[in-house]
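The values are calculated or read from the model by the stated rules, or taken from the named source; none is laboratory data. Predicted model only: the values in this text are computed from it and were never measured. Every residue, glycine among them, receives a Cβ derived from its backbone with ideal geometry; neighbour counts consider all protein chains shown. Heads up: the accessible areas ignore ligands, DNA and RNA and are worked out on the full protein's heavy atoms, side chains in. Shrake-Rupley method; radii C 1.70, N 1.55, O 1.52, S 1.80 Å.
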Amino acid sequence: MSYGTYDAFASLAYLAERKGASLSLPSSQWKRRLQSTALHRPLDRTQVLGKPGGESGHTGCVNALSWALDGEVLLSGGDDTTVRLWRMDVSNEDGDCSNSWASTTVINTGHRGNIFNAQMLPGSSRIVTVARDKQVRISDVGDLRRAGDFGLEMQYTTSQANVRVLRCHDRAVKRITTEHSPDLFLTVSEDGTVRQHDLRVPHDCRTQNCPAPLVQLDHPLSTLALSPLTPYQFVVAGESQYGYLFDRRHTGRRIMAEWGVPLESDSVTTCVRRLGRAAKGSGETRGYEHVTGARMASNNGHEVLLSYSSDAVYLYSTLDSPRDPSPPSSPAVIPPNTKSSKSPETDSTSSAMSSSAFRRAILDQVDAMMEEDIEEFMTGPADLADDDMSDGQHGDSSGDESNEEGDNDTEDMDEYEPFSTIPVILPQRQFKGHCNVETVKDVNVLGPSDEFVVSGSDDGNWFIWDKKTGKLHDILEGDGHVVNVIEGHPYLPLVAVSGIDTTVKLFGPKEGPRKFSRMADATSVIARNTEVSSQRIDLASLATYARIARLMSSANPDEQPCTTQ
């Protein structure tokens, strides 16, 4: 069936269902098969939601996109602190379902900072938003399927829409992950915590009696992901070289023993794996690695995508065995922490160093780093070309003594990483060609079987790779400046894209010449992005010193700071 045939059938079925007719939507199997077939066809821009300058749309960057009510509604939010609801125009019975979306509802959330994420809670009409102002807000405007007529927006003030405000976090809140519940959801924040919120259990944030966080790390976090097939696991990441896989099945089970990791004191969740790389990207600086996006597969429950700032996107499997604890034969592989070979009892005893010894060790590390940075400043930057991972696999066996020294530095830093005794999984595949330097970009999958990996880029394009092979599938222009967010429709071959622009772009299969494809210029686009990424200029060392200072100031007089509770 061609896309045009499918599109017409899906549109008519949608309209018929809205009007109570007997025609029904395709079965789930049909929808999956047709969507997969259509997404393999050439994509192009089909519609722009809103107009530049904020007319009938947002007036600031659009940072948040999500599909709700099984794809009937597209939520968008951003710097203007509003959430807009876009629905397909059912008044046009011959309309194209990829080119007939309009804004019907505008919610003034009451946030006092940029909205970073917006999600509708399953089985309800409640919308959760998180923002730079540290707040989690819940809004509810009733039955969204009937809200607003096309051509006329329903405007809701904060007092009309807002039903609850949560102030559990101490810094900007970046992501929301919903569960199979209208009352439960998770949030992650730059305060280093992941919190589970249950709207059925009231509490007063002003009295500081908020429930304990599921996770508490000593560095800012920016992304959170879980799979609906394994909701007891989630991945969290931020300003660290690792992503962390947690398992919250504690009741009546020895989770750490099941995963084969050293036993620790009881906690709400257990870190069971770290997700890392064999070597940092050419554009990264030691000690300032940053994961900007994470995604867990929805079709298998074990695949994980991590997007690194100034580097590539990496694919992991939580079923893979951790790296070999024996000394590596290649300098491109980060040597394991020597603590890993100790027994749990010995490690727990030796790790509890005194406060003075802990501070002395950190200060020694700072002195060594400062001397190294001064020498590098005087002599020029070191050649990082050999640090690149070869072909997206577990590293290249080539290297020299200077590379080996750099990896030993990573080993020293790893000593003070959270969960330094937890085994590390290395990636299966690498996806590269885009540029992820300027903003915090998400990563996502497309297709009913997660066939494609997608990411935005600093050049205003968004990239599509084949997940099985890692081969670049397409490059499409999605923004005038930077693409940050990409969300595929649950069953239609329709993709929503947003970034620095005030508009949202929709993409779908389109016949004829493609106006917004950049695949013909792929070589030059990738070369330019690679050059920008490798020439990144930042104050990474100063940021590293700041992180160490925070670690020192947060340390208990008698022990190291806790990393989870």
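For the stretch 186-253, trypsin sites (Lys or Arg not before Pro) meeting the loop criterion (DSSP other than H, G, I, E, B) and having at most 15 other Cβ atoms within 10 Å: R200, R249, R253.
On a 28 Å Cα-Cα criterion, which of the cross-link pairs K134/K432; K134/K471; K280/K510; K174/K432 come out too long? Pairs exceeding the cut-off: K134/K432; K134/K471; K280/K510. Heavy-atom accessible surface of the stretch 454-523, averaged per residue, reaches 34 Å², computed with a 1.4 Å probe.
Relative to the current alpha-carbon distance between H180 and R514, full extension at 0.36 nm per residue lengthens the span by 116.3 nm. Based on the Cβ-Cβ distance of C205 and N299, what FRET efficiency does E = 1/(1 + (r/R0)^6) give at R0 = 56 Å, to the nearest 0.05? It comes out at approximately 0.90. Using a probe radius of 1.4 angstrom, the carbon and sulfur fraction of the accessible surface of the stretch 129-243 is 47%.
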